Amino acid sequence: MQFLTQLSIQLNRLICYVGRAATWCALALMLVVIFDVVSRRFFVLGSTKLQELEWHLHIVLFAFCLAYGYLANTHVRIDLFRGRLSVRAQHWVEVIGCALIVVPYCAILVYFGTNFAVESFTSGEASSAGTGLPHRWIIKMLLTVGLGTLLLSGISVIAHRLVLLFGTDEQQKQVSSELQSAVGLEPGPLLEDATH
């Protein structure tokens, strides 16, 4: 159980570091959009590169913050059935859901995404627009890496919930407090699943 405790803690730290670093893309995205709008409106300078850079930054922001959001339990849930279950049963639902859906699905996406990015790199794929951004493989690889962090998040959640199910009181407190510290949130509605 100590291995699962340390695995969860280390993965949480890594995923939260990546998620926080990726949030800077929001500032870059905002600046690119403002520049694009102002230059189009006042200087009549349209730029395909700027428009493509906008959706590249959207992808990076989404892909690298998705795993962080999953750890923080801020993702959308439909709790018609799960919310009526005991806390122990909810942990089991999370373990089974991650093991059967999140981890295998993300593993498949990472596998095919890697092939997709490598093929793009070897073929020298660029934007289909003549004045678009070159090196399309970069964004394809970043999307794949982002999905890889979601895969790690699923593994972390499985480890965390197994510790909550079978670990000692000390291990349960350790993984929950480390998750709260890594995510940077106080215990409350966003983390209540993970801390009970």
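The values are calculated or read from the model by the stated rules, or taken from the named source; none is laboratory data. Here the structure is a predicted model, which means the values were calculated and not measured. Note that each Cβ is placed from the backbone with ideal geometry, even for glycine, and that neighbours are counted across all protein chains shown.
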(request) Provide a single number: the residues in region 154-186 that are surrounded by 13 or more Cβ atoms within 10 Å (Cβ to Cβ), more than 18 Å from the chain's Cα centre (by Cα), modelled with pLDDT of 90 or more and not aliphatic (A, V, I, L, M). (result) 1
(message) Against the conditions (1) more than 17 Å from R20 (Cα to Cα); (2) at pLDDT 85 or above, where does L143 fall short? Just the number, please.
(response) (1)
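Restricting to region 1-53, give me the number of residues that are of a type in the set (S, T, Y), closer than 30 Å to I155 by Cβ and in contact with a helix residue (DSSP H, G or I) (Cβ under 8 Å, 6 or more places away or on another chain).
So the count comes out to 3.
Just one of A126, A89, A159 is farther than 28 Å from L50 by Cβ, in contact with a Lys or Arg (Cβ under 9 Å, 6 or more places away or on another chain) and of a type outside the set (K, R); which is it?
After applying the criteria, what remains is A89.
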(message) Looking at (1) within 22 Å of C98 (Cβ to Cβ); (2) modelled with pLDDT under 85; (3) touching a helix residue (DSSP H, G or I) at 6+ places or on another chain (Cβ under 8 Å), which one does P189 not meet, given that it meets all the others?
(response) (3)
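Restricting the search to region 109-122, which residues are more than 16 Å from A67 (Cα to Cα) and either touching a Ser or Thr at 6+ places or on another chain (Cβ under 7 Å) or of a type outside the set (D, E) (or both)?
In the first step, residues of region 109-122 are kept if they are more than 16 Å from A67 (Cα to Cα); the result is 111-122.
Within region 109-122, Y111, F112, G113, T114, N115, F116, A117, V118, S120, F121, T122 meet the criteria.
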(request) Please work out which one of (1) more than 23 Å from R13 (Cβ to Cβ); (2) in contact with a Gly (Cβ under 8 Å, 6 or more places away or on another chain); (3) crowded, with 20+ Cβ neighbours inside 10 Å is the condition C106 fails and give its number. (result) (1)
(request) Test each condition in (1) among the β-branched types (V, I, T); (2) surrounded by fewer than 16 Cβ atoms within 10 Å (Cβ to Cβ); (3) touching a residue at least 12 places away in the same chain (Cβ under 8 Å) for V60 and report the one that comes out false. (result) (2)
(request) Run H135 past the list (1) on the phi < 0 side of the Ramachandran plot; (2) surrounded by fewer than 18 Cβ atoms within 10 Å (Cβ to Cβ); (3) not polar (S, T, N, Q) and report the number of the one that doesn't hold. (result) (1)
(request) Hey, can you tell me all the residues within region 55-96 that are not in a helix (DSSP H, G or I) and not charged (D, E, K, R)? (result) A72, N73, T74, H75, V76, I78, L80, F81, L85, S86
(request) Could you please find all residues in region 67-95 being closer than 18 Å to Q172 by Cα and in contact (Cβ under 8 Å) with a residue 60 or more places away in the chain? (result) L71, A72, N73, V87, R88, Q90, H91, W92, E94, V95
(message) Can you tell me which of (1) surrounded by fewer than 20 Cβ atoms within 10 Å (Cβ to Cβ); (2) in contact (Cβ under 8 Å) with a residue 24 or more places away in the chain; (3) within 27 Å of Y17 (Cβ to Cβ) is the one V118 doesn't meet?
(response) (2)
